[in-house]
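Undergrad: I am attaching a structure below and will ask some questions about it afterwards.
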């Protein structure tokens, strides 16, 4: 049995498809209101804030994937993520389940220095501090030999379907709907984005590779790091028309945050858009050289061509 905690989001759905396609049909999906991806999926409604419900959801699982996503709400993150991590660790320890944690890069330094699996945490802001806290908690249990676990870390998303990210919503979705894309802060810094289906496929691969455990892995990305200008140029080629964009300065986000809580939550992330963002996934590509990564041109084409 392989169990996905936090099913329903784009990452979890793609993960479920990949597990079913290449690893097992014995899949359990867990969330407040889980829905099947395949007819054979087992559904378990559970609130991961409840230790008993988490324990019951994990029972009988060989591998557990923690893929929970929450809305951009610092207070909610502080209340829920540490408790969900603690409950998941306890349940996996009790039932002897392996744990695969899907993580992000919020806790990394806000610099242009390339990020690899050895990059130290320097969290600035509430959301970054929460992510550092839960990753550190799991790393401590791993180093103590108290759990067989692995951390799969991904940079900012772009992708199809329900993929959520600042780049997807402000750039690609606006282009798709005939609107001018809005670039945060700087159109000429190099960006690292991960295609969400690639992230999910790679996580399934790592979760089913016994010698991958006990480590942190950066999930695979196209090694080309285009700027927003480059990405919009690709979109222009895909659509066959010149696309013009607007660059949104920091002060505009600050003013927007005064009236829109969602915009205010984004402010913490903005410093990472001022300079290059270089995420290094060479460890993964060296270990899994046959893994095919989606290049930016193909990814952008798929987003803009989808219904």
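The values are calculated or read from the model by the stated rules, or taken from the named source; none is laboratory data. Keep in mind the model is a prediction, meaning the values are calculated, not measured. In this analysis, Cβ positions are derived from the backbone assuming ideal geometry, glycine residues included, and neighbour counts consider all displayed protein chains.
Undergrad: Just one of the numbered conditions (1) buried (at least 23 other Cβ atoms within 10 Å of the Cβ); (2) in contact with a strand residue (DSSP E or B) (Cβ under 9 Å, 6 or more places away or on another chain) is not true of residue 104; which one?
TA: Of (1) buried (at least 23 other Cβ atoms within 10 Å of the Cβ); (2) in contact with a strand residue (DSSP E or B) (Cβ under 9 Å, 6 or more places away or on another chain), only one is false for residue 104: (1).
Undergrad: From 253, 284, grab the single residue that is surrounded by 17 or more Cβ atoms within 10 Å (Cβ to Cβ), part of a helix (DSSP H, G or I) and modelled with pLDDT under 95.
TA: On the way: 284 fails: modelled with pLDDT under 95.
Within the list 253, 284, the selection yields 253.
Undergrad: May I ask you to list the residues in segment 215-250 that are closer than 30 Å to residue 139 by Cα and buried (at least 16 other Cβ atoms within 10 Å of the Cβ)?
TA: Those that are closer than 30 Å to residue 139 by Cα and buried (at least 16 other Cβ atoms within 10 Å of the Cβ): 216, 217, 218, 219, 220, 221, 222, 225.
Undergrad: What is the number of the single condition among (1) outside any strand (DSSP E or B); (2) modelled with pLDDT of 95 or more that residue 173 does not meet?
TA: Single failed check for residue 173: (2).
Undergrad: Further question on the same structure: When you go through 5, 29 one by one, which is the residue that is under 20 Å from the mean Cα position of the chain (by Cα), free of Cβ contacts under 8 Å to residues at least 40 places away in the same chain and within 19 Å of residue 197 (Cα to Cα)?
TA: 29
Undergrad: State whether one or more residues within segment 19-32 are in a helix (DSSP H, G or I), surrounded by 15 or more Cβ atoms within 10 Å (Cβ to Cβ) and touching a helix residue (DSSP H, G or I) at 6+ places or on another chain (Cβ under 9 Å).
TA: yes
Condition check ((1) within 30 Å of residue 225 (Cβ to Cβ); (2) assigned to a helix (DSSP H, G or I)) across all residues:
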{"site": "60", "(1), (2)": "no, no"}
{"site": "118", "(1), (2)": "yes, no"}
{"site": "132", "(1), (2)": "yes, yes"}
{"site": "136", "(1), (2)": "yes, yes"}
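Undergrad: Sticking with this one: Whether any residue in segment 71-86 is assigned to a loop (DSSP other than H, G, I, E, B), out of contact with any helix residue (DSSP H, G or I) (no Cβ under 9 Å at 6 or more places or on another chain) and either at pLDDT 95 or above or surrounded by 15 or more Cβ atoms within 10 Å (Cβ to Cβ) (or both) is what I want to check.
TA: The answer is no; no qualifying residue exists.
Undergrad: Consider segment 265-281. How many of its residues are part of a helix (DSSP H, G or I) and more than 19 Å from residue 219 (Cβ to Cβ)?
TA: Total meeting the criteria: 6.
Undergrad: Another question, then. Residues that are buried (at least 18 other Cβ atoms within 10 Å of the Cβ) and under 18 Å from residue 250 (Cβ atoms): does segment 190-203 have at least one?
TA: Yes; the residues of segment 190-203 include at least one that is buried (at least 18 other Cβ atoms within 10 Å of the Cβ) and under 18 Å from residue 250 (Cβ atoms).
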